[in-house]
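The values are calculated or read from the model by the stated rules, or taken from the named source; none is laboratory data. Treat the numbers as computed from the prediction; the structure is a model and nothing was measured. Backbone-built Cβ (ideal geometry, glycine too); neighbour counts: all protein chains shown. Just the protein is used for accessible areas: all its heavy atoms, side chains included, with ligands, DNA and RNA removed. Shrake-Rupley method; radii C 1.70, N 1.55, O 1.52, S 1.80 Å.
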Amino acid sequence: MQPIQLFDPASSTYTYVLFDERTRDALIIDPVDDQLERDLSVLRQYGLKLQWTVETHAHADHITSAGHLAEHAGAKTAAPQGCGITTAALQLAHGDVLRFGDQTLTALHTPGHTSGSMSFTWNSHVFTGDTLLIGGCGRTDFQSGSAQALYHSITHVLFALPDTTTVWPGHDYQGRTHSSIGIEKSSNARIAGKSEAEFVAIMEALNLPRPKRMDEAVPANLTSGVRHDADGVGSNAVKAASGYAGDVSAALAFAWWQSGDAVLVDVRTDAEREWVGFVPGAVALAWKQWPGMAMNPDFDAGLQAAVPAGKKAVLLCRSGVRSVAAAKRATELGLEAYNILEGFEGDPDAQAHRGVKGGWRMRGLPWRQG
Ligand SMILES: N[C@@H](CCC(=O)N[C@@H](CS)C(=O)NCC(=O)O)C(=O)O
Ligand SMILES: [Fe+2]
């Protein structure tokens, strides 16, 4: 059986509907908000019960309709656990299996386009999101992308599938619909026959323009495409502060970090992180200051080394007090520095995240408690 392949021309995104022919239970991969009506009518036309919406990653070029499909069609939302999509009901780990009727979809962690990105296998099909495209691959220059990780994901995870596996990509910009693992192994222009170093050089030389809708799409996708803040601004506004660039919500800081505009600096001590939980990928630089201590040379040097010119520094502590002092110091050092309100323990967007406190735990998945 083949998946139903649907196309959004504005973003060249492919959406896939898979279903169990006997029970009519269905699942949708990477649905697009502008296509909500079309997708609901496809479900009606085939007589399907939508059990799951599944994201391959937090998209930068379009907004998902997952939240709306949950509301309109009663689906449960699933997303890769490393993508910070806090509203997804199921946070998927590598090897997790989603059931719809007698059918199963299996999650494969394939980082590179973004650090949380996943691909999914279904019988002899693989849905590769933006990890592997036909003749190409997703870019690796934002959202915690990594060309090295992508090389490994494609050559070790996807190319380990049988050559006959059908490849269904997340996008195609030239109207091609599908491919196979065997074809991509032998002819993919970016990776076939290339060493890791050659692949990294190709990716570094791409110099692609930013997706046009990136600033709007990434924050929206982190809440399944549904805005929860009543005034429509709330969590995405910088609040004025004195002595540093401003106070920001966890949601805005996370979006900046994911889009590569900011470096996330965790100023808690190692002991605290062990005890309370980590934010994987954050720069760990303890802010230590006690009476009589005028200078903190380790912090200063570490900060200057960690934040490249032109990037913002967003500072995170446990409760949002030390991060204010650290943001002021970072400003004195010439950086554009922001304090994250309420720190790791709180989450000013708790309401947006359906009452979950400690949003950084959710966003920083996988985290661990010491
Ligand atoms: N021009 C598109 C951006 C397209 C884009 O950057 N697509 C991403 C996927 S989200 C990509 O990885 N493209 C790979 C490529 O173009 O080679 C837009 O403005 O939305
Ligand atoms: Fe993408």
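Quick rundown of the values:
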| item | result |
| --- | --- |
| For peptides 189-198, 88-97, sequence by mean Cβ density within 10 Å, most packed first | 88-97, 189-198 |
| Helix-derived mean residue ellipticity, 222 nm - over the chain, DSSP H n ≥ 4, -39500 (n - 2.57), to 500 | -6500 deg cm²/dmol |
| Inter-part distance where the range 21-72 and the range 75-104 are each reduced to a Cα centre, Å | 14 Å |
| Inter-probe distance in nm under a simple model that places probes 7 Å from Cα toward Cβ, at LEU206 and THR164 | 3.2 nm |
| Lysines whose Cα lies under 18 Å from that of LYS185, excluding same-chain neighbours fewer than 8 positions away | LYS194 |
| For the range 1-79: accessible area per residue (Å², 1.4 Å) | 36 Å² |
| Global geometry of the chain, whether rounded, prolate or oblate, following the gyration tensor of its Cα atoms and the 1.5 cut on a/c | prolate |
| Charge tally in the Cβ shell below 11 Å around TYR16, where Lys, Arg are +1 and Asp, Glu are -1, TYR16 excluded | -2 |
| Accessible-area composition of the chain, carbon plus sulfur, in percent [1.4 Å probe] | 53 percent |
| Amide H contacts of THR110 (H built 1.01 Å from N, under 5 Å, at least 5 apart or other chain) | MET118, SER119 |
| Accessible area expressed per residue, the range 263-318, with surrounding protein chains retained (probe 1.4 Å, Å²) | 50 Å² |
